[in-house]
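Engineer: Before I ask anything, here is the structure I am working with.
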Amino acid sequence: MRHERLRTVGAAVLVASLAVALAGRAAAHGGSLQADDARSLAIPLWLFLSTGGGVVGVSFLLTSFVTDRDLIRDIHDRRREVGLSAATRRTLAGVARLVGVVGLVAVLLVGAFGPADPLRNLAVLVVWVGWWAGYTMTTYLVGNSWPALNPWRVGLWLREWLPAPSPSYPARLGSWPAVAGLLGLVWLEVVSPLADDPRLLTGVVLAYTLVTLTGAYVLGETWFERVDPVSRVFAAYGAVAPLYSDDEGRPRARVPGTGLEDEGLARDASDVAFVAALLWVTTYDGLVATPPWRDFASAAVGGGVPAPLLYPAALLAGFGLFLGLYRWAVRRGRRDAESYREPAELARRFAPSLLAIAAGYHVAHYLGYLIELSPALVGALAAPLSPGAPVAVVLPAWFSALALGFVLLGHLAAIWVAHAVAYDLFPSRMQAVRSQYALTAAMVFYTMTSLWIVSRPYAAPPFV
Amino acid sequence: MPADDAPDGTDAGPPYDCPYCDGRFHRESYLSLHRGQEHPDALTDAERAAFEAAREEEEEQLRLFRLQALAALVFIYFGFLLVYAFSL
Ligand SMILES: [Zn+2]
């Protein structure tokens, strides 16, 4: 037994080193394609794409060599308490709430009355660079601190001071409002100059504030659990993170990513749809900025499709396609694994693994943006009303290879999580392996699609 | 084991129900594995023997799978190596 395990480990290490060499070559080539302006590939496109897909397939094969149930369970269960006294936690929570509220007020004021240049306006920089790029990274790299920071939670206080309504939230709505909200926000971000126009951004933040405060007052905690897309995004990303709080609110630490293996993370079909939506919007964001989309949009509008319908229609169609593909892969995996478990249950258990991929794409997407614009953010924070000229940061050429590395890391984590979940679900390890064939195929397809988008030159979205 | 030749597995063939929980399986060996893993204290000697046998069978299948996976890895690796050698 011992001897055999050693042999398995030996084989796995050998093959892993080969795979890393392979991935390294692919990343080096992929890296050069974003660095130069023409984005000319050093290798043919088909080879670039199949290398990406191949790396994901190889990762699945390597992971399947880990067949020790106890080891897999130990990695999941390796959790410890983080020693923070109740007083410290209360202080931190108070500081976070203050930072959140002051930040929101600053964004609204400077957004409305500050400089019109987006790169010198605090509101634009705080929202996009500080919050959506930087803060979001902390939610999956460290832990979800949004419930503490979220300034709109003051809406919950209103319930204590004013007569609180208590309408019952229809259970069948689930998280569908959050799914719709997320798709709506992304649509707005794509079709409007939300990142360039401080006044427009302020208007949107103000509208969001009114809606969220009212929602929190009317529905209480349910609002942030089921309706508010922003809270749902951070809760989803927070499941990837090493730090989390247990049922009593005490901070605990775990191996990064293993939180995604927990049962009950996706509560119902709407939570599964939310995960699919989160993954799809990153893809959509990139897709609409490619020349093929530009050609397609021109042809569609030329053919009589109303331009304002084009973007929401594509957003919804792609979302449906994503969710459909995922559900197909789960059903197919269920058949391959000869399981009696409900397809809906399997969909709930495997969906969180995709969050690791979404997090990987988020880093790849926003790390460079964050680094390039953080001097501007610091300048605006130092002098909100009259910031100096921002310092330009030039990223080294190898930086986009690093970004591809994060995408790969996200895929590796997702494959591991799905592997561990399959071991938890099925009594036979061969069932666990077979349940992953279709999901891995879907993942390979997704990787190749994403790499194809990444390797297209930038073209500003038309008709917006 | 009658379910062994079930055409595609899903909802075909008589199910094997776990007497201790609502677990339900397409093969007797899956049920034996499940009982050994989830209800180890409730096993009779015969069930323990069935669990061991099912584990043995599972190990055998895993060994075969590992060989196939290794072959696939080698094939993918050298395949890419060759393609890269010719296209660079
Ligand atoms: Zn049972």
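The values are calculated or read from the model by the stated rules, or taken from the named source; none is laboratory data. These numbers come from a predicted model, not from an experiment. Here the Cβ positions follow ideal geometry from the backbone for every residue, glycine too, while neighbour counts run over all protein chains shown. Side chains are part of the model used for accessible areas, which takes the heavy atoms of the whole protein and leaves out ligands, DNA and RNA. Shrake-Rupley method; radii C 1.70, N 1.55, O 1.52, S 1.80 Å.
Engineer: Using only the alpha-carbon atoms, how far is helix B:28-38 inclined from the longest principal axis of chain B? Give it as 0 to 90 degrees, nearest 10.
Structural biologist: For helix B:28-38, the angle is close to 80 degrees.
Engineer: What residues have an amide H closer than 5 Å to that of A:Arg252, excluding those fewer than 5 places away on the same chain, when H is modeled at 1.01 Å from N in the peptide plane?
Structural biologist: Placed amide hydrogens put A:Val82, A:Tyr244, A:Ser245, A:Asp246 under 5 Å from A:Arg252.
Engineer: Tell me whether segment A:339-419 comes out rounded, prolate or oblate; compute the Cα gyration tensor, take square roots of the eigenvalues as a ≥ b ≥ c, and use a/c under 1.5 as the rounded threshold.
Structural biologist: Values: a/c = 6.92, a/b = 2.43, b/c = 2.85.
It comes out oblate by the Cα gyration axes.
Engineer: Rounded, prolate or oblate: which fits segment A:294-440, taking a ≥ b ≥ c as square roots of the Cα gyration tensor eigenvalues, rounded meaning a/c under 1.5, else prolate when a/b beats b/c?
Structural biologist: Numbers: a/c = 2.97, a/b = 1.55, b/c = 1.92.
Oblate, since a/c reaches 1.5 and b/c is not below a/b.
Engineer: For the pair A:Ser192 and A:Ala382, how long in nm is the line joining their label points, each one 7 Å along Cα→Cβ?
Structural biologist: Spacing of the two 7 Å Cα→Cβ label points: 3.3 nm.
Engineer: So what is the 222 nm mean residue ellipticity for chain A from helices alone, if each DSSP H run of at least 4 adds -39500 (n - 2.57) and you divide by all residues, rounding to the nearest 500 deg cm²/dmol?
Structural biologist: Values: 18 runs with 307 residues, N = 464.
Calculated from helices alone, the mean residue ellipticity at 222 nm is -22000 deg cm²/dmol.
Engineer: If you plug each phi of segment B:39-56 into the Karplus form 6.51 cos²θ - 1.76 cosθ + 1.60 with θ = phi - 60°, what whole-Hz ³J(HN,Hα) values come out, in order, with x for Gly and Pro?
Structural biologist: Karplus-based 3J(HN,Hα) across segment B:39-56 equals 10, x, 7, 9, 7, 7, 4, 5, 5, 5, 4, 5, 4, 4, 5, 5, 5, 4 Hz.
Engineer: Can you bin every Cα-Cα distance in chain A into 20 Å intervals starting at zero and give me the percent of pairs per bin, rounded to whole numbers?
Structural biologist: 22, 57, 21, 1
Engineer: Here is a further query. With 5 Å bins from zero, work out the P(r) of segment A:265-359 over every alpha carbon pair and list the percent per bin.
Structural biologist: 2, 12, 20, 19, 14, 11, 9, 7, 3, 1
Engineer: Now for a different question. Skipping prolines and chain starts, which residues have an amide H placed within reach, meaning under 5 Å, of the one on B:Gly23, given they are 5 or more residues away or on another chain?
Structural biologist: Here the answer is B:Cys18, since their amide H atoms fall under 5 Å of that of B:Gly23.
Engineer: Checking understanding here: applying a Kyte-Doolittle mean of at least 0.5 and a length along the axis of at least 20 Å (C-alpha), which whole DSSP H helices in chain A pass? Please list the in-between numbers first.
Structural biologist: On the way: long enough: A:2-35 (48 Å, 0.54); A:45-63 (27 Å, 1.67); A:86-113 (40 Å, 1.62); A:176-191 (22 Å, 1.74); A:198-219 (30 Å, 1.40); A:269-287 (26 Å, 1.17); A:307-336 (43 Å, 0.37); A:353-382 (40 Å, 1.28); A:399-425 (39 Å, 1.64); A:437-454 (26 Å, 1.45).
Membrane-span-like by this rule: A:2-35, A:45-63, A:86-113, A:176-191, A:198-219, A:269-287, A:353-382, A:399-425, A:437-454.
Engineer: How do A:His411, A:His365 rank by accessible surface area computed with a 1.4 Å probe, from largest to smallest? List each step's numbers first, then the result.
Structural biologist: Working: A:His411 5, A:His365 80 Å².
Listed by decreasing accessible area, they come as A:His365, A:His411.
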